[in-house]
């Protein structure tokens with residue numbers, strides 16, 4: 001197993017020979033910049049930061065690192081929330097943001113071909129310019145790269161109707177830690193030649209291979225979209241409304257909720273006239289044909305009324321729709337401003353268990369004397385319990401860790417998962433065996449070894 | 001590597017102790033019945049046929065086989081077309097059709113939980129009874145089991161809009177060849193805890209593990225569906241119409257085509273009044289809201305007219321829709337009755353290359369003096385070139401093999417695949433390296449070894 005190590009004499013020059021002097025950084029500024037990602041409280045100092053521009057450069061860098069047993073942590077913008085791109089064992093941070101070309105948007109084959117360093121929002125805009133939609137829309141999409149999204153199997157707000165990143169990965173070019181360049185899949189929805197490595201790489205968190213080209217499925221852009229919102233006395237009422245909506249034959253594009261803590265935080269911050277006395281707010285939306293949208297919003301509104309909604313609002317214009325969505329968009333920033341430290345989690349449960357889970361989270365928060373607001377994707381049970389605290393308050397940090405321990409355990413009891421879309425990284429590795437069991441963990445390690453015999457790629461994370 | 005071997009003395013009694021005397025068959029009838037699947041010209045005699053009823057029984061059988069180094073070929077109904085379930089190295093055929101319970105259809109979580117031996121049509125009907133749809137609809141769905149569908153990543157006619165089997169696999173319980181029972185995923189659309197083994201198992205053709213429970217995603221059933229058809233002078237015209245349809249913002253549920261050979265064969269057999277002078281027939285359909293269906297059929301009809309359709313018909317009633325679909329459904333049986341042997345293939349290309357590919361297939365058929373009709377899923381480029389011949393005519397069989405060699409090579413040149421939905425099995429293993437390359441093949445073998453260190457599970461196929 002590779003451990004933290006300085007770059008040996010000579011290796012730096014060989015790296016420079018591969019990518020050019022400007023693209024091998026060992027100065028303090030670069031080492032500090034690439035010591036973290038978007039995960040609080042996690043940090044690891046790299047020995048060098050290398051910016052590769054082609055698959056061949058990536059292959060050469062990996063061959064050099066593999067020969068020397070030096071850790072390599074591939075990354076894009078580093079927006080992940082599980083410390084998956086923190087170089088906690090030192091070595092090389094391999095940055096792929098120079099590989100930022102959208103190579104093709106094909107409206108006849110309905111695919112995009114792009115390099116991993118393209119920002120997700122750029123891909124979405126390039127698709128939109130041809131009347132197409134790239135559905136995954138993780139919260140970080142304006143900053144995150146598509147390579148990072150695939151490596152983490154990013155989710156987003158549209159997953160209930162459209163699925164997650166994995167559902168859009170048709171083809172991958174990737175470099176193995178030992179330097180071989182392989183391709184899996186291509187431009188085809190149907191291709192069963194070999195094991196499905198493209199989907200195995202999706203969500204593998206940079207531990208199996210470095211992806212250097214992605215072919216992604218696109219769909220025709222919907223003609224229109226519409227939104228509504230409903231307040232409920234209790235979260236359990238909102239949860240029943242979610243089940244009723246889904247059992248009514250509607251598959252909404254958006255079905256998001258905020259608990260009372262979040263409603264209060266958003267109103268306090270954004271002053272958009274939310275009803276802070278309500279126990280829960282449900283935001284629902286549909287896209288597609290205008291007549292279908294109107295009918296589905298009506299049906300969803302009816303489901304909310306049946307389950308005891310206090311008040312209901314259907315947005316009549318794009319401006320009103322923006323106001324409705326603003327409540328959801330503002331949830332995380334509003335919570336974050338309450339305290340210096342924000343611990344954003346993503347325990348996920350079957351949607352029929354949402355009420356139980358959120359009530360349990362609220363009980364845990366009271367018991368540990370923590371402020372935890374929960375918002376999230378009600379349609380797919382993907383909850384974001386978010387604790388806000390002061391990291392200078394060591395006891396509060398300790399209490400928050402203990403609280404999340406209990407929250408993850410409860411999610412598993414409810415047939416859920418410790419992570420819906422944020423990944424395992426470093427921060428959840430210690431919970432993973434609880435979910436998967438020892439036999440499954442041993443298999444993950446054997447799969448990791450099949451790709452990475454010397455354990456150089458993102459060591460100490462998934463598959464370790 | 002395990003090779004053909006008789007069941008050692010004592011092992012038979014141990015197998016009987018696991019599953020009961022009635023469920024270990026070594027009589028001639030059983031050995032002959034389970035020597036083949038739906039693949040022509042492939043056969044292999046098993047040493048025993050074992051019918052397991054639980055995951056624990058599967059685990060015990062695998063442990064016994066693993067300890068003795070005896071091949072195990074798991075199967076359901078054996079409808080696959082690539083000899084993936086032919087026991088060509090002998091050993092145990094492990095039949096899962098006793099595991100045939102639909103355990104749950106949840107309309108609030110939108111999932112089905114079932115055993116692998118449930119027939120796909122039974123699952124679809126159980127979902128439909130609750131107003132839900134299980135979208136994958138492979139041609140064999142009335143006979144095939146859902147376990148086989150997942151193992152092969154079956155496709156079907158709705159893949160363009162709804163995707164293939166992999167897109168519906170949320171959770172898997174599986175037994176490793178060494179006997180450990182693992183679970184990957186569950187009831188959640190979003191779950192990124194660990195490598196995505198459920199999708200790795202999907203399409204792994206029974207070479208990595210034996211699946212014993214499946215949790216599948218369902219969607220609300222569409223309210224209605226509608227169909228139309230258009231004839232074209234040449235196949236290239238129909239292919240351009242396909243591209244035009246997709247670029248027009250319509251994502252149809254059905255977009256199928258028949259070439260002239262198929263049109264002739266269907267009319268000859270079914271006498272449904274097809275225009276046998278046309279070069280190609282395109283069948284298109286949409287589901288969902290009635291108004292959207294009407295509009296999309298109109299748009300698709302317009303795209304066909306623009307690309308030179310000779311005639312166009314929109315079905316005005318369910319009966320007319322059945323007539324339209326009958327042309328497509330009758331393609332394979334109509335071709336099959338022309339000669340004793342039917343070689344049904346599934347070379348697949350990007351949809352923008354369909355015309356090139358089909359013209360190439362027609363040229364190859366002329367050159368090798370073969371009758372090859374091509375029909376298939378135009379929307380996803382999944383072609384079914386189908387050669388009909390007499391297996392007593394050894395020279396014709398040889399010519400057919402040479403013709404398909406060229407067809408597969410051409411599919412790869414056009415960025416396609418040697419198999420869109422039928423799998424590698426035995427019959428395409430010799431082509432696989434041409435598509436994937438030696439480095440990728442070596443990786444597949446390492447992954448296989450990570451699951452199956454003694455190579456007992458379906459040896460000599462994928463991962464060998």
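The values are calculated or read from the model by the stated rules, or taken from the named source; none is laboratory data. Predicted, not measured: the structure shown is a model, and the values here were computed from it. Reconstructed Cβ throughout: ideal geometry from the backbone, glycine too, with neighbour counts over all protein chains shown.
This table checks each residue for (1) within 27 Å of residue A:77 (Cα to Cα); (2) within 14 Å of another protein chain (Cβ to nearest Cβ).
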| site | (1), (2) |
| --- | --- |
| A:187 | yes, yes |
| A:204 | yes, yes |
| A:207 | yes, yes |
| A:222 | no, yes |
| A:225 | no, no |
| A:256 | yes, yes |
| A:264 | no, no |
| A:267 | no, no |
| A:273 | no, no |
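Within the stretch A:389-402, can one find any residue that is facing chain B (nearest Cβ under 7 Å) and surrounded by fewer than 23 Cβ atoms within 10 Å (Cβ to Cβ)? Checked against the condition, which is being facing chain B (nearest Cβ under 7 Å) and surrounded by fewer than 23 Cβ atoms within 10 Å (Cβ to Cβ), the stretch A:389-402 yields no hits at all.
Test residue B:65 against the stated conditions and say whether it is crowded, with 24+ Cβ neighbours inside 10 Å, in contact (Cβ under 8 Å) with a residue 12 or more places away in the chain and over 21 Å from residue B:146 (Cα atoms). Please lay out each step first, then the result.
Values: crowded, with 24+ Cβ neighbours inside 10 Å: yes; in contact (Cβ under 8 Å) with a residue 12 or more places away in the chain: yes; over 21 Å from residue B:146 (Cα atoms): yes.
Against the criterion (crowded, with 24+ Cβ neighbours inside 10 Å, in contact (Cβ under 8 Å) with a residue 12 or more places away in the chain and over 21 Å from residue B:146 (Cα atoms)), residue B:65 qualifies.
When the stretch A:342-369 is filtered for residues that are surrounded by fewer than 20 Cβ atoms within 10 Å (Cβ to Cβ) and assigned to a loop (DSSP other than H, G, I, E, B), the ones remaining, listed by number, are A:368, A:369. When we screen B:83, B:126 for residues that are part of a loop (DSSP other than H, G, I, E, B), more than 14 Å from every other protein chain (Cβ to nearest Cβ) and out of contact with any helix residue (DSSP H, G or I) (no Cβ under 8 Å at 6 or more places or on another chain), the only hit is B:83.
Given the criteria at the interface with another protein chain (Cβ under 10 Å from one of its Cβ atoms) and surrounded by 15 or more Cβ atoms within 10 Å (Cβ to Cβ), does residue A:460 qualify? Let's see the steps before the verdict.
Numbers: at the interface with another protein chain (Cβ under 10 Å from one of its Cβ atoms): no; surrounded by 15 or more Cβ atoms within 10 Å (Cβ to Cβ): yes.
Considered against the rule, which asks whether it is at the interface with another protein chain (Cβ under 10 Å from one of its Cβ atoms) and surrounded by 15 or more Cβ atoms within 10 Å (Cβ to Cβ), residue A:460 comes out as no.
Residues of the stretch A:414-437 that are more than 7 Å from chain B (Cβ to nearest Cβ) and part of a helix (DSSP H, G or I): A:429, A:430, A:431, A:433, A:434.
Would you check if there is a residue in the stretch A:97-112 being part of a helix (DSSP H, G or I), without any contact (Cβ under 8 Å) to a residue 24 or more places away in the chain and not assigned by TED's automatic domain parsing to the domain that holds residue A:76? Within the stretch A:97-112, not a single residue is part of a helix (DSSP H, G or I), without any contact (Cβ under 8 Å) to a residue 24 or more places away in the chain and not assigned by TED's automatic domain parsing to the domain that holds residue A:76. Candidates in the stretch A:438-461 are the residues that are assigned to a loop (DSSP other than H, G, I, E, B) and out of contact with any helix residue (DSSP H, G or I) (no Cβ under 7 Å at 6 or more places or on another chain); of these, the one that is farthest from residue A:69 (Cα to Cα) is A:460. Out of contact with any strand residue (DSSP E or B) (no Cβ under 9 Å at 6 or more places or on another chain), at pLDDT 95 or above and either buried (at least 21 other Cβ atoms within 10 Å of the Cβ) or outside any strand (DSSP E or B) (or both): does that describe residue A:207? Here the answer is no, as residue A:207 does not meet what is asked. Yes or no: the stretch A:383-392 includes at least one residue that is within 21 Å of residue A:257 (Cβ to Cβ) and in a helix (DSSP H, G or I). Taking every residue of the stretch A:383-392 in turn, none turns out to be within 21 Å of residue A:257 (Cβ to Cβ) and in a helix (DSSP H, G or I).
With respect to the conditions (1) farther than 20 Å from residue B:455 by Cα; (2) surrounded by fewer than 24 Cβ atoms within 10 Å (Cβ to Cβ), residue B:180 falls short on a single one, namely (1). As for the stretch B:143-161, it holds at least one residue that is touching a helix residue (DSSP H, G or I) at 6+ places or on another chain (Cβ under 9 Å), away from chain A (no Cβ under 11 Å), surrounded by fewer than 24 Cβ atoms within 10 Å (Cβ to Cβ) and on the phi < 0 side of the Ramachandran plot.
Yes or no, residue by residue, for (1) modelled with pLDDT under 95; (2) closer than 27 Å to residue A:192 by Cα:
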position	(1), (2)
B:275	no, no
B:278	no, no
B:283	no, yes
B:289	yes, no
B:304	no, no
B:321	yes, no
B:324	yes, no
B:350	yes, yes
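Checking A:378, A:411 one by one, the residue that is at pLDDT 95 or above and either surrounded by 19 or more Cβ atoms within 10 Å (Cβ to Cβ) or within 13 Å of chain B (Cβ to nearest Cβ) (or both) is A:411 and no other.
For the stretch B:78-92, the condition of being closer than 29 Å to residue A:415 by Cβ and surrounded by 21 or more Cβ atoms within 10 Å (Cβ to Cβ) holds for none of the residues. Might you check whether a residue that is outside the structural domain of residue A:149 (by TED's automatic domain parsing), touching a residue at least 12 places away in the same chain (Cβ under 8 Å) and in a loop (DSSP other than H, G, I, E, B) occurs anywhere in the stretch A:9-25? No, the conditions are met nowhere in the stretch A:9-25. When we screen B:164, B:172, B:192, B:118 for residues that are in contact with a strand residue (DSSP E or B) (Cβ under 9 Å, 6 or more places away or on another chain), more than 9 Å from chain A (Cβ to nearest Cβ), under 29 Å from residue A:148 (Cα atoms) and buried (at least 22 other Cβ atoms within 10 Å of the Cβ), the only hit is B:172.
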